[in-house]
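Colleague: Have a look at this one before I ask anything.
The values are calculated or read from the model by the stated rules, or taken from the named source; none is laboratory data. Computed from a predicted model, the values in this text were never measured in an experiment. Here the Cβ is made from the backbone with ideal geometry for all residues, glycine too, and neighbour counts use every protein chain on show.
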Amino acid sequence: MRAVSGVWRWRHNPLRRATDRVEAWAALFALLLMLLAAPVIGWICGSLTDDALQQSVRAQHAERHLTRAVVVRRADRPGQFAGDSEVASERAAQTPVVARWRTPDGTMRTGRVSTASRVTGPGSEVRIWTDDLGRPALRPMDAPTAHTHAALAGFGVFLLSAGLIEAARRLIVWRLRQQRYAQLDRAWARAGPDWGRTGKGS
């Protein structure tokens, strides 16, 4: 913004260089991209991610079933799957048990699962998620969680896009600065031999 306002303010200044104008246009173009293009890219990415996650949510809810299981005994190590939790902090507080439950086809199955229930004595009922074959499965993702993940993905893409735009602008400014230094070196080389001798008759 300083480059844009500065060049606009001094646009009639005879000391203005061509590279100053290019730098100002680059800054203005980068600003417009950050304000217009980056949010659009982030929104598109978030929207596509949300569509994919919502489809996954529907598939998971169609394939997984909430089942009541009866605790047989405590287990000495955690089950392969969390019984009724999705958040990592909740999984850390779960209790491993050996439980017995009925599969969708009506057969009984026994296995080691983890549950967040505080009542885990033998004969207690706990809720677990199973797949279509009755095997323990992770809790399916819910729609609000999918929306949150999609929003975070869109925001991340927005930040990444803005960062790439700013990096491109800085690269252009660096190249322009190198050109200025090269022009100054050439001008100095031309004026160098006569430096300090003007007006002395030499």
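Colleague: Which one of these does residue 146 not meet: (1) under 30 Å from residue 51 (Cβ atoms); (2) in the same structural domain as residue 47 (by TED's automatic domain parsing); (3) not β-branched (Val, Ile, Thr)?
Modeller: It fails just one condition, (2).
Colleague: Report whether or not residue 78 is farther than 16 Å from residue 131 by Cβ, surrounded by 12 or more Cβ atoms within 10 Å (Cβ to Cβ) and modelled with pLDDT of 75 or more.
Modeller: On the way: farther than 16 Å from residue 131 by Cβ: yes; surrounded by 12 or more Cβ atoms within 10 Å (Cβ to Cβ): yes; modelled with pLDDT of 75 or more: no.
Judged against the criteria, residue 78 is not a match.
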